[in-house]
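Since the structure comes first, as structure tokens, the remarks are kept for the end.
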């Protein structure tokens, strides 16, 4: 059995907390290293096991991730915890490999317009970068999991509507390049449940048994409905951030990622056990309020509480 199958078994749903990376992308103030470590340890105690830990990007431009290696080490110290780091070029991949992070993620844009505007490269060049990333992984000592997200997969902030056939074509090329996991990302929250369900089902069909992740933003209030559709379509890996932290520079007014706590509640309500204690998870929000008092936090569950008689602890 390869390592990605240990992290993402096909017979259960895995929820990934992306607040420490995607959630901190645009914040005006970010948590201290000690607070990040507390955030991780308290979520781990609640049952969370997969964490996006940060980005291997220039510290001058992205100071919120200057401590990414320390965060990787914190994850490594927790039995069964899994860390994911974002790398967008060969330098970043090499730094990620040196850090020992369990998984390296990268991004390919669904549209040529967004790829050129966001990364100043073509989609084919981005896919070539993914191939090189896989080569570097294969030559490394610890051989981390490799995943590639297709950003703007359900609608582009520059090009508008996205042809799902193009997204499927890119997904096929990424699997051919040797990635362990493909993520379908509604980066700016364009889509509704039908679009998410149809595209997810199509990518699951070509994945050959490899895991498919769905990464959702709640820009237009469709996050949880879209997550439900993704589950129904066969996705077994979903991303969310505590308190709905996050946002995208290409979607002014966006409310960030789908709320992690609400995502847990959704999975439990649909019969997918997560192993996450919701009361403990919700209590971790106190760290965000203390460290980033001016950042809005979202979430129906935190606002209304668990329904009367609902067990807080997942089966």
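The values are calculated or read from the model by the stated rules, or taken from the named source; none is laboratory data. Just so you know, these numbers come straight off a predicted model, no measurement behind them. Glycine also receives a Cβ, built like all others from the backbone with ideal geometry; neighbour counts cover every protein chain displayed.
On the basis of being closer than 17 Å to residue 17 by Cα, in contact (Cβ under 8 Å) with a residue 12 or more places away in the chain and surrounded by fewer than 24 Cβ atoms within 10 Å (Cβ to Cβ), does residue 204 make the cut? Walk me through it before giving the result.
On the way: closer than 17 Å to residue 17 by Cα: no; in contact (Cβ under 8 Å) with a residue 12 or more places away in the chain: yes; surrounded by fewer than 24 Cβ atoms within 10 Å (Cβ to Cβ): yes.
Answer is no for this residue.
Looking at residue 289 and the list (1) surrounded by fewer than 22 Cβ atoms within 10 Å (Cβ to Cβ); (2) in contact with a strand residue (DSSP E or B) (Cβ under 8 Å, 6 or more places away or on another chain), which single condition is not satisfied?
With (1) surrounded by fewer than 22 Cβ atoms within 10 Å (Cβ to Cβ); (2) in contact with a strand residue (DSSP E or B) (Cβ under 8 Å, 6 or more places away or on another chain) applied to residue 289, the lone miss is (2).
Among the residues of the range 158-190, how many are crowded, with 21+ Cβ neighbours inside 10 Å, outside any strand (DSSP E or B) and either under 15 Å from the mean Cα position of the chain (by Cα) or at pLDDT below 95 (or both)?
Qualifying residue count, the range 158-190: 5.
Is there a residue being under 17 Å from the mean Cα position of the chain (by Cα), surrounded by 19 or more Cβ atoms within 10 Å (Cβ to Cβ), in contact (Cβ under 8 Å) with a residue 24 or more places away in the chain and not in a helix (DSSP H, G or I) anywhere in the range 1-8?
yes
Report whether or not residue 197 is touching a residue at least 12 places away in the same chain (Cβ under 8 Å) and in a loop (DSSP other than H, G, I, E, B).
no
Based on what the data block shows, is residue 20 under 24 Å from residue 224 (Cβ atoms), free of Cβ contacts under 8 Å to residues at least 60 places away in the same chain and crowded, with 21+ Cβ neighbours inside 10 Å? Give the derivation first.
Numbers: under 24 Å from residue 224 (Cβ atoms): yes; free of Cβ contacts under 8 Å to residues at least 60 places away in the same chain: yes; crowded, with 21+ Cβ neighbours inside 10 Å: yes.
It is true that residue 20 is under 24 Å from residue 224 (Cβ atoms), free of Cβ contacts under 8 Å to residues at least 60 places away in the same chain and crowded, with 21+ Cβ neighbours inside 10 Å.
How about the range 144-157: which of its residues are crowded, with 24+ Cβ neighbours inside 10 Å and more than 26 Å from residue 93 (Cβ to Cβ)?
Of everything in the range 144-157, just one residue is crowded, with 24+ Cβ neighbours inside 10 Å and more than 26 Å from residue 93 (Cβ to Cβ), namely 154.
Give me a count of the residues in the range 207-220 that are out of contact with any helix residue (DSSP H, G or I) (no Cβ under 8 Å at 6 or more places or on another chain) and free of Cβ contacts under 8 Å to residues at least 60 places away in the same chain.
2
Please go through the range 1-23 and pick out each residue that is within 25 Å of residue 88 (Cβ to Cβ) and out of contact with any strand residue (DSSP E or B) (no Cβ under 8 Å at 6 or more places or on another chain). Working first, answer last.
Quick first cut of the range 1-23, residues within 25 Å of residue 88 (Cβ to Cβ) only: 2-4, 7-8, 14-23.
Within the range 1-23, 2 is the sole residue that qualifies.
Residues checked against (1) in contact (Cβ under 8 Å) with a residue 40 or more places away in the chain; (2) in contact with a strand residue (DSSP E or B) (Cβ under 6 Å, 6 or more places away or on another chain); (3) crowded, with 23+ Cβ neighbours inside 10 Å; (4) closer than 17 Å to residue 186 by Cα:
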residue	(1), (2), (3), (4)
239	yes, yes, yes, yes
264	yes, no, yes, no
268	yes, no, no, no
272	yes, no, no, no
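Filter the range 207-225 down to the residues that are part of a helix (DSSP H, G or I) and touching a strand residue (DSSP E or B) at 6+ places or on another chain (Cβ under 9 Å), then identify the one that is farthest from residue 256 (Cα to Cα). Even if it seems obvious, please write down each step before you answer.
At the first step, the residues of the range 207-225 found to be part of a helix (DSSP H, G or I) are 223-225.
Next, from what is left, pick out any that are touching a strand residue (DSSP E or B) at 6+ places or on another chain (Cβ under 9 Å): 223-224.
Details: 223: 10, 224: 13 Å.
Out of the qualifying residues, it is 224.
Of the conditions (1) in contact with a helix residue (DSSP H, G or I) (Cβ under 7 Å, 6 or more places away or on another chain); (2) assigned to a loop (DSSP other than H, G, I, E, B); (3) within 21 Å of residue 7 (Cα to Cα), residue 148 satisfies every one except a single condition; which number is it?
(2)
Residues that are closer than 19 Å to residue 8 by Cβ: which helices (runs of 4 or more DSSP H) entirely in the range 30-132 hold 1 or more of them?
Working: elements: 33-46, 68-76, 90-99, 112-119.
Of the helices (runs of 4 or more DSSP H) lying wholly inside the range 30-132, those with at least 1 residues that are closer than 19 Å to residue 8 by Cβ span 33-46, 68-76, 90-99.
How many residues are more than 24 Å from residue 85 (Cβ to Cβ), at pLDDT below 95 and in contact with a helix residue (DSSP H, G or I) (Cβ under 7 Å, 6 or more places away or on another chain) if we restrict to the range 221-262?
Counting residues in the range 221-262 that are more than 24 Å from residue 85 (Cβ to Cβ), at pLDDT below 95 and in contact with a helix residue (DSSP H, G or I) (Cβ under 7 Å, 6 or more places away or on another chain) gives 1.
Residue 276: in a helix (DSSP H, G or I), crowded, with 20+ Cβ neighbours inside 10 Å, in contact with a helix residue (DSSP H, G or I) (Cβ under 9 Å, 6 or more places away or on another chain) and at pLDDT 95 or above, yes or no? Before the answer, list the steps.
Details: in a helix (DSSP H, G or I): no; crowded, with 20+ Cβ neighbours inside 10 Å: yes; in contact with a helix residue (DSSP H, G or I) (Cβ under 9 Å, 6 or more places away or on another chain): yes; at pLDDT 95 or above: yes.
Against the criterion (in a helix (DSSP H, G or I), crowded, with 20+ Cβ neighbours inside 10 Å, in contact with a helix residue (DSSP H, G or I) (Cβ under 9 Å, 6 or more places away or on another chain) and at pLDDT 95 or above), residue 276 does not qualify.
Out of (1) touching a strand residue (DSSP E or B) at 6+ places or on another chain (Cβ under 6 Å); (2) at pLDDT below 95, what's the single condition that is false for residue 101?
Among (1) touching a strand residue (DSSP E or B) at 6+ places or on another chain (Cβ under 6 Å); (2) at pLDDT below 95, the lone unmet condition for residue 101 is (2).
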